[in-house]
């Protein structure tokens, strides 16, 4: 088929690609940025990063504490990180207290749980009517002999811990958010999208080797 | 780094109550051992953050002064951080806490922390100061003093986001007057603030809040802001109305509302206006403070602006707001006030809105709001009633004149709050105009007596509004109603009303009198009661060079009286040309030369009635008017700019001709 598009061979293309200079530091930052915002715990990759690692490790420590059921510890860590977060997020604070109660029930510490519900959770319901429904659900756990088989047993599920952990993580991220400062927005996915877009644009003008599989990054000849 | 908290160990001692635990922590605060003290401070901090109930109980124990001592006495950075954080938490959204913190002399202690070499200490100090400045109780910041301005700018220039945010917060909460706005702008505050727009979330939000305060009602400041980098920052703020964080969207909307209300010319684009309205409507659904603020913001935006009210109506505002009000959950008074005011604005000019609103079974909700414990909510509900009652269709359908609505409204005439009084008078003024109902529930509830009471209020607004309601009540009223009213006021009462020190009150009193004497000829007799006391007073007031609005009503009173019998007409002549006249005090001539066409018109009407040919003394009165220069003056006015005046003058002149005048 006759085409007005320019044809670029595999060799030419690879030559062009090799001519592009990338800094290793940029690549490191990109990868680290991705891993960190996605929540993988990691050791710092030298002094190349612009990211404030202290805050990231703190945030990860909070998330981990909740995931392990150490809610009180998590609360203390959040308050060390930024005392405003829980003071200005009544819903989050309620969910953390709720999780504490769930953990006490899970550990079979029924008396302590009752006292905690009275002293710590009930006032939340008084302060804010919106929480009453969830409060009642949680307290219902105390009523049943076998909490793991009652209608509200979902609360005891590990997934509930993860939900709370994720909520607290989001709140910390928000408080630290720097829109223009790119360190906390994952750039890797956007770059890959841009690659695909650029290929689509170039397709209208040229025939050249594509990257069709993003996970391997292999170049495929135009005819293949 | 201590990780476990002592509260879990105290749980195990089943006998100890929470009160004991708190007392225990409290006593450890005073310990001389810094380790113990630090631990206690952390404990208190962790217990009170997010927990209003605990804040209150620790407050009662006297924790704040104890922590303040720790703050002032210690050099150890950790203790400084923990005590500052605890104090900041006491002040966070908790007015009693703010007061306690300020009373304990914490403010200067926190200021000192800002110069620490330890970043964490600076952060803690800045955060806590910001909490204090969110409250109305924060110390007044005197921008006019140079050292204060310098300090403020040092905050704004800081690299530390908490510190620059503090600078913006101080401006947001302390800048109130035009002078302050001017001084800040001249010192270059706008240029500093806009930098924060590109910063972190908290910096952006602090910036938006402070911009709104500096720009409010200040066209010069607005033009300066818009001029920065050729409108770049106005665009930035507009962009932020689409931000993913609701609070940012809200604050940027509120900023734009301020700019729009101050200098609407920057918003010629319908698209921006429309998106501002819809964004605020969306934000109404936010459960937190943003939703509360959005409601008030919306009412401020659409106030007096018919085009925006239409936009909002088309965006389904009424249904959305009514749905929120009907959810049944306890809404914050600020939100209720904002929602009712928004509804009121929507109903202010557009009949479609009123019908739509009234068709949604809202009256019960509105009536309940009349009984709300918060005065602002009651006021807003009354204003809503007032505007909805402008719908003649619904008014004559008796929607507002049944007991269910009337009784609570009338009860509010006794409300302790003056703003509620004025607002309910406004509502009643409109409601009593319902001509379709022959008997009036309002009068049955003793409404007239109450209005007369209020016409003697200390508050001139209340007097004015009460008289306006009475004026409407007397409009086209039957004799029975007029007699009932007059029997409560009597001549002397009227004299006081007409002689009120406030011109606006005088005007309403005269308008009321005008309606009273209008209609059947017997009504005119009221002004002759007690030897013509009322008529004399009217004449006296007219001779005193009154303001145009007052004079108009006064002349209409004379017009109505002059429409009666021969005796009545002569009495009017007496008032116009009293004998003996000390000086050439011909107020009629003055009125005929007034810029106010209505005044000219009313005066001409009086003349028409005085010389109407059917009455015997018309000829003599005509001579008198001619001799006093009135008729010649009218001849000069044959081409009066106002059509109505022109036509009346023609009538007079043709009457004049019939007397064989040359």
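With the structure loaded, tell me whether residue B:455 is surrounded by 17 or more Cβ atoms within 10 Å (Cβ to Cβ), at pLDDT below 90 and out of contact with any strand residue (DSSP E or B) (no Cβ under 6 Å at 6 or more places or on another chain) or whether it fails that test. Here the answer is no, as residue B:455 does not meet what is asked. Which of the residues spanning the range B:353-372 are free of Cβ contacts under 8 Å to residues at least 40 places away in the same chain and assigned to a loop (DSSP other than H, G, I, E, B)? Of everything in the range B:353-372, those that are free of Cβ contacts under 8 Å to residues at least 40 places away in the same chain and assigned to a loop (DSSP other than H, G, I, E, B) turn out to be B:359, B:361, B:371, B:372. Looking at the range B:45-137, the helices (runs of 4 or more DSSP H) lying wholly inside it that each contain 2 or more residues that are touching a residue at least 12 places away in the same chain (Cβ under 8 Å) and over 19 Å from residue B:34 (Cα atoms) sit at B:52-61, B:77-91, B:95-103, B:106-113, B:119-133. For the range B:144-167, the criterion of being more than 20 Å from residue B:84 (Cα to Cα), surrounded by 19 or more Cβ atoms within 10 Å (Cβ to Cβ) and without any contact (Cβ under 8 Å) to a residue 60 or more places away in the chain is satisfied by at least one residue.
Restricting attention to the range B:197-208, report how many residues are touching a residue at least 40 places away in the same chain (Cβ under 8 Å) and closer than 20 Å to residue B:256 by Cβ. So the count comes out to 7.
Taking the listed residues B:358, B:395, B:370, B:341, the one that is over 18 Å from residue B:431 (Cα atoms) and in contact with a helix residue (DSSP H, G or I) (Cβ under 8 Å, 6 or more places away or on another chain) is B:341, with no other qualifying.
Does residue B:652 qualify as being surrounded by fewer than 16 Cβ atoms within 10 Å (Cβ to Cβ), farther than 16 Å from residue B:555 by Cα and touching a helix residue (DSSP H, G or I) at 6+ places or on another chain (Cβ under 8 Å)? Answer is no for this residue.
Run down B:86, B:104 and say which single residue is in contact with a helix residue (DSSP H, G or I) (Cβ under 7 Å, 6 or more places away or on another chain) and within 14 Å of chain A (Cβ to nearest Cβ).
B:86
In the range B:14-38, of all residues being within 11 Å of another protein chain (Cβ to nearest Cβ) and exposed (fewer than 13 other Cβ atoms within 10 Å of the Cβ), the one that is modelled with the lowest pLDDT corresponds to B:14.
The residues of the range B:190-246 that are more than 14 Å from chain A (Cβ to nearest Cβ) and surrounded by fewer than 16 Cβ atoms within 10 Å (Cβ to Cβ), listed by number, are B:191, B:217, B:219, B:220, B:223, B:227, B:228, B:229, B:230, B:231, B:232, B:235. Taking the conditions exactly as written (farther than 18 Å from residue A:119 by Cβ, more than 10 Å from every other protein chain (Cβ to nearest Cβ), buried (at least 21 other Cβ atoms within 10 Å of the Cβ) and modelled with pLDDT under 90), does residue B:41 satisfy them or not? No. Would you be able to say whether some residue in the range B:486-496 is touching a helix residue (DSSP H, G or I) at 6+ places or on another chain (Cβ under 7 Å), outside any helix (DSSP H, G or I) and modelled with pLDDT of 90 or more? No: zero hits.
Report, by residue number, each residue of the range B:318-351 that is exposed (fewer than 15 other Cβ atoms within 10 Å of the Cβ) and over 20 Å from residue B:279 (Cα atoms).
As a first pass, look at the range B:318-351 and keep what is exposed (fewer than 15 other Cβ atoms within 10 Å of the Cβ): B:319, B:323, B:326-330, B:351.
Matches in the range B:318-351: B:326, B:327, B:328, B:329, B:330, B:351.
Residues that are touching a residue at least 12 places away in the same chain (Cβ under 8 Å), touching a helix residue (DSSP H, G or I) at 6+ places or on another chain (Cβ under 6 Å), within 14 Å of another protein chain (Cβ to nearest Cβ) and in a helix (DSSP H, G or I) are absent from the range B:294-309. Screening residue B:449 with (1) crowded, with 17+ Cβ neighbours inside 10 Å; (2) modelled with pLDDT of 85 or more gives one miss only, at (1). Once the range A:104-131 is narrowed to residues that are closer than 28 Å to residue B:329 by Cα, more than 10 Å from chain B (Cβ to nearest Cβ) and within 32 Å of the chain's Cα centre (by Cα), the residue that is surrounded by the fewest Cβ atoms within 10 Å (Cβ to Cβ) is A:125.
Would it be correct to say that residue A:136 is more than 9 Å from chain B (Cβ to nearest Cβ) and either part of a helix (DSSP H, G or I) or modelled with pLDDT under 90 (or both)? Write out each step before concluding.
Numbers: more than 9 Å from chain B (Cβ to nearest Cβ): yes; either part of a helix (DSSP H, G or I) or modelled with pLDDT under 90 (or both): yes.
For residue A:136, the condition - more than 9 Å from chain B (Cβ to nearest Cβ) and either part of a helix (DSSP H, G or I) or modelled with pLDDT under 90 (or both) - is met.
Within the range B:391-408, the set of residues being buried (at least 17 other Cβ atoms within 10 Å of the Cβ) and farther than 20 Å from residue B:444 by Cβ comprises B:391, B:394.
The values are calculated or read from the model by the stated rules, or taken from the named source; none is laboratory data. Here the structure is a predicted model, which means the values were calculated and not measured. Positions of Cβ are generated from backbone atoms using ideal geometry, with glycine treated the same way; all protein chains shown enter the neighbour counts.
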